[in-house]
Amino acid sequence: MAKAYILNRTGKPKMEIRDETQCPLTRRAFTGGSTVALVAACSCMGQGQHYKAVGTPEAVMQEPVGSLLYVSFVAGSRGMWKIDRISPVTGATLPAAPRIDVVESATPQSRVADSLWQLQGVTSNVRYTTHDEVTELEAKQEGLNRPEARRAALIPIRKTSAWWALAQDERRKIFEETSHHIAIGIEYLPQIARRLHHSRELAEPFDFLTWFEYAPKHSDAFEELVRRLRSTKEWTYVDREVDIRLSRI
């Protein structure tokens, strides 16, 4: 049987299994402090937003409408997404695995005993996006699980203590006014669908888990998107990032 690694914030594996009672998400923790990551468009894919209905019979990913959605990315022998590669961008990588299973629920999830590793996040409210930005994003973005979206990327990131020491208006200034995170993300809608998951409040090893889906013909556009974002000032505050690429089976 494969060992299940619980990863701490240093990226080192721990062997004990934790259930959901060990990392409760209080309302205060849920509403305070975090920022969106990788593509600002993800920020409007959290609590209270509505989406276009897109789905296939084999797996329909839920879209949150006014409620929390807990999502676990379980690496192991099961799942509809085959891992093509796991690449460390900054800091420690994650162990190799053949597949990822995306598991969604309304409550925090227990660890899967036979997983190789498991990352969990929760959808959240809009943090650093203005009303006008939300309106534009809602008009352009597409939902997950489109039939043509046969490629995916899971990109977990962790930001530095210096980032979290900044006031929220200071983070917003770096996030958009300097790095143009939202403006860059809008350029790649609706081709690249995405959803952001917050993990910092769950005591996970990463602060954010961003999930992207796109058609193979848009692979070059996705590479350009992440290259542009990684060149911004905001990314100088990232101290751990792993890039996981997948194909739908």
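The values are calculated or read from the model by the stated rules, or taken from the named source; none is laboratory data. Just so it is clear, the model here is predicted, and its values are computed rather than measured. Cβ: placed from backbone, ideal geometry, glycine included. Neighbour counts: every protein chain shown.
Taken over the stretch 138-156, the residue count meeting the criterion of being under 22 Å from ARG172 (Cα atoms) and under 17 Å from the mean Cα position of the chain (by Cα) is 3. Checked against the criterion of being touching a helix residue (DSSP H, G or I) at 6+ places or on another chain (Cβ under 9 Å), in a strand (DSSP E or B), surrounded by fewer than 23 Cβ atoms within 10 Å (Cβ to Cβ) and among the charged types (D, E, K, R), the stretch 232-240 has at least one qualifying residue.
Considered as a group, the residues in the stretch 94-107 that are in contact (Cβ under 8 Å) with a residue 60 or more places away in the chain and either crowded, with 19+ Cβ neighbours inside 10 Å or within 16 Å of the chain's Cα centre (by Cα) (or both) include one that is farthest from PRO147 (Cα to Cα), and that residue is LEU94.
Taken residue by residue, the stretch 163-182 has no member that is touching a strand residue (DSSP E or B) at 6+ places or on another chain (Cβ under 6 Å), touching a residue at least 24 places away in the same chain (Cβ under 8 Å) and surrounded by fewer than 22 Cβ atoms within 10 Å (Cβ to Cβ).
Among the residues of the stretch 110-127, is there at least one that is closer than 17 Å to ALA75 by Cα and among the basic types (Lys, Arg)? Checked the stretch 110-127: at least one residue is closer than 17 Å to ALA75 by Cα and among the basic types (Lys, Arg).
Which residues, taken from the stretch 211-228, are in contact with a helix residue (DSSP H, G or I) (Cβ under 6 Å, 6 or more places away or on another chain) and crowded, with 19+ Cβ neighbours inside 10 Å? Once the filter is applied, which keeps residues that are in contact with a helix residue (DSSP H, G or I) (Cβ under 6 Å, 6 or more places away or on another chain) and crowded, with 19+ Cβ neighbours inside 10 Å, the stretch 211-228 yields only TYR214.
Hey, any hits in the stretch 183-200 for a residue that's within 30 Å of GLN118 (Cβ to Cβ), crowded, with 24+ Cβ neighbours inside 10 Å and over 14 Å from the mean Cα position of the chain (by Cα)? The answer is yes, given that some residue of the stretch 183-200 is within 30 Å of GLN118 (Cβ to Cβ), crowded, with 24+ Cβ neighbours inside 10 Å and over 14 Å from the mean Cα position of the chain (by Cα).
Summed over the stretch 178-226, residues that are assigned to a helix (DSSP H, G or I), of a type in the set (S, T, N, Q) and within 15 Å of ASP243 (Cα to Cα) total 1. Restricting attention to the stretch 135-177, the residues being closer than 23 Å to PHE206 by Cβ, at pLDDT below 90 and either hydroxyl-bearing (Ser, Thr, Tyr) or in a strand (DSSP E or B) (or both) number 0.
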